[in-house]
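K.L.:
Once you've had a glance at the structure underneath, I'll fire off some questions.
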Amino acid sequence: MNALTRWIPRLVIATALLHFAWAFVQPNAWGAIAADGFYRSLADDSVPDYYARETSVWFMVAGVALLAMGTMAAHILRTTGRLPAQLGWYLLVLGLGLCVLYFPVTGGWPVLVIGVLSLVASHRAPQPAER
């Protein structure tokens, strides 16, 4: 297994952690969500800060999804010695979508780059084991 292959899950996990941090650093509505007691705090779309609430929650959800992809990729890599190509395709589609929708300023660029690197790493032949 080469260095690029080993680093891909780590990069995805680091991106997830940055996503979690950004969910709280950016202008957010976590205080309003907590004040409403969390339960059904996004059900009423007529509240003035609805979109800030929705953005806050979706940043957190996307962070969880990225963390799941990164940790599952790390597990598969440890188990099989190979990186699944699906990881690269998922990241590529996510990153490309974000880059197109939010061009040019978006956090989708790192996701797009990691997706391309993941595809490159998944198509490299594994190194034969030394005896």
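The values are calculated or read from the model by the stated rules, or taken from the named source; none is laboratory data. A quick note: this is a predicted structure, and the numbers were derived from the prediction, not measured. In case anyone asks, the SASA skips ligands and DNA or RNA and just uses the protein heavy atoms, side chains included. Shrake-Rupley method; radii C 1.70, N 1.55, O 1.52, S 1.80 Å.
K.L.:
Calculated from the structure, P(r) over Cα pairs in 5 Å bins from 0, in percent equals which of [x] 2, 11, 17, 18, 15, 12, 10, 7, 4, 2, 1, 1, 0, 0; [y] 2, 9, 19, 23, 23, 16, 6, 2, 0, 0; [z] 2, 12, 21, 24, 19, 13, 7, 3, 0?
P.N.:
Matching entry in [x] 2, 11, 17, 18, 15, 12, 10, 7, 4, 2, 1, 1, 0, 0; [y] 2, 9, 19, 23, 23, 16, 6, 2, 0, 0; [z] 2, 12, 21, 24, 19, 13, 7, 3, 0: [x].
K.L.:
Find the accessible area per residue for the chain; the probe is 1.4 Å, ligands and nucleic acids are left out, and the unit is Å².
P.N.:
On the way: 8450 Å² over 131 residues.
Accessible surface, normalised per residue, equals 64 Å².
K.L.:
Expressed as a fraction of 2.2 N^0.38 Å, the rule-of-thumb size for a compact globular protein of N residues, what is the C-alpha radius of gyration of the range 61-108? Intermediate values should be presented prior to the final figure.
P.N.:
Working: Rg = 12.6 Å, N = 48, 2.2 N^0.38 = 9.6 Å.
The value comes to 1.31.
K.L.:
Over the range 34-131, with every protein chain in place, what whole percent of the accessible area is carbon and sulfur at 1.4 Å, could you tell me? Intermediate values should be presented prior to the final figure.
P.N.:
Values: 4500 of 6640 Å².
That fraction is 68 percent.
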